[in-house]
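In what follows, a structure is listed as structure tokens, so that the remarks can point back to it.
The values are calculated or read from the model by the stated rules, or taken from the named source; none is laboratory data. Please read these numbers as outputs of a predicted model, since none were measured by experiment. Positions of Cβ are backbone-derived with ideal geometry, glycine not excepted, and every protein chain shown enters the neighbour counts. These accessible areas exclude ligands, DNA and RNA; they are computed on the full protein's heavy atoms, side chains included. Shrake-Rupley method; radii C 1.70, N 1.55, O 1.52, S 1.80 Å.
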Amino acid sequence: MPTVVVDTDVVSFVFKRDKRARSFRRHLVGQTLVICFMALAELRAWPLINHWGLVNRERLERHLRKYAVYFADEALCQCWTEVISRGRLKGKPIDIADAWIAATAITLGVPLVTHNAADFSAVEGLAVLSEVE
């Protein structure tokens, strides 16, 4: 089955049943959905930051089970260093979390589905799928 890495923003839209999630449906249906360990950490911070109750915390955990999580390994760490370094050398630095997410897609050799395509525009070798392509 084809695979895509899903950015935190798109996972959020789907979880919250935000109307913007509809525009990503064509990129998600029929795919193996992967999130980077960094996205998992960001998403699991929400309940703590926002003082969620048990019902919402459990709903988030059920939602997260739809995604395979790619954890850091040697190849991912090397790719991350290249993404970070190239961005800085070009004068187009990328956010640390975004670099992990981009590196995950590059390491797996699959596209990244994101609402924030501009955040990844300077990343070499990254295929980005967004609502406007």
Inspect segment 99-112 for any residue being within 25 Å of GLU131 (Cβ to Cβ), open to solvent by 60 Å² or more (accessible area, probe 1.4 Å) and without any contact (Cβ under 8 Å) to a residue 24 or more places away in the chain and give the result as yes or no. yes
Assuming ALA118 fulfils every condition listed in (1) in contact (Cβ under 8 Å) with a residue 12 or more places away in the chain; (2) within 21 Å of ARG22 (Cα to Cα); (3) open to solvent by 70 Å² or more (accessible area, probe 1.4 Å) apart from one, which condition is it? (1)
